[in-house]
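What follows is a short report on a single structure.
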Amino acid sequence: MRVIAGKAKGHRLRGPRSRRNGAAATRPSSDLVRGAIFSALASLGADLSRVLDLYAGSGALGIEALSRGARWCDFVEREAAACAVIKANLAATGFEGQAAVHCLPAERAADRLAGVYTLVLADPPYADPRAHSVLQSLAASGLVEAGRTVVVLEHSSREEPPQELGAMVLQSRRRHGDSAVSIYR
């Protein structure tokens with residue numbers, strides 16, 4: 001896994017180690033999917049100034065945003081080992097001064113963070129039944145603003161995304177193999 005464009009282009013990123021039972025602790029977005037996300041964001045003219053990487057995993061999505069010019073990114077990840085990997089990846093790419101890592105469940109992000117984000121990147125575990133309710137809570141919070149914030153949801157291509165997240169409406173849905181990307185504005 002590597003940063004695919006921008007200031008840190010080509011930097012390799014670490015991924016969290018697998019759990020003891022052999023199941024992956026996280027499922028990092030592929031280079032193809034990350035490229036497609038940022039291509040779609042560029043075509044929308046999305047503002048990358050203040051980013052929230054929710055369900056951050058390795059931090060690849062947020063670091064890609066920083067590499068492409070984001071001024072700030074908050075990373076939210078519940079697994080302590082993944083939080084350590086995000087911090088190491090930020091240090092390796094030189095973005096540690098433009099980011100904060102919050103080691104907490106995504107469900108608590110709306111209560112712990114403040115201000116309006118211009119971009120929310122959400123890549124929840126595909127089987128997480130709470131993910132849509134977390135995103136609905138986020139959309140109802142003061143962290144997003146309809147017309148200003150763009151929300152990107154990566155999900156299983158076999159899953160139908162919600163048509164709305166609060167006042168935000170599904171703008172596009174693109175399929176990339178087993179993954180799909182839904183964009184709300």
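Computed from the coordinates by the stated procedures, all read-outs in this text should not be read as laboratory data. Note that the coordinates shown come from a computational prediction; the quantities given were computed from them, not determined experimentally. Neighbour counts are summed over all protein chains in view; Cβ atoms, including those assigned to glycine, are modelled from backbone coordinates with ideal geometry.
Across the options Ala146, Pro161, Ser133, the greatest Cα extent toward the positive end of the charge dipole of segment 122-185 (unit charges at beta carbon of Lys, Arg, Asp, Glu) belongs to Ala146. Taking the chain as a whole, the Cys residues whose C-beta sits 4.7 Å or farther from every other Cys C-beta are Cys73. When DSSP beta bridges are restricted to pairs lying wholly in the chain, around 45% turn out antiparallel. List the residues of segment 58-80 whose backbone N lies under 16 Å from a point placed 7 Å from the Cα of Arg108 along the Cα-to-Cβ direction. Counting backbone N atoms under 16 Å from the label point, the list is 75-80.
Here each label is just a point 7 Å from Cα along the line to Cβ, and for Gln163 and Arg12 those points are 4.7 nm apart. Here the contact order of the chain, divided by its residue count and restricted to Cα pairs under 8 Å and six or more residues apart, works out to 18 percent. Between Gln171 and Arg71, the modelled labels are 2.0 nm apart [label points 7 Å from Cα along Cα→Cβ].
Distance between the modelled labels on Glu96 and Leu32, one decimal in nanometres: 3.5 nm (7 Å Cα→Cβ projection).
Packing, taken as the mean count of other beta carbons within 10 Å per residue, orders the peptides 57-68, 156-167, 75-86, 138-149 from highest to lowest as 57-68, 75-86, 138-149, 156-167.
Dividing the radius of gyration of the alpha carbons in segment 1-148 by their Kirkwood radius gives 0.93 for Rg/Rh. Evaluated with a Cβ-only charge set (Lys, Arg +1; Asp, Glu -1), the chain carries a dipole of roughly 560 debye about its Cα centre, given to the nearest 20.
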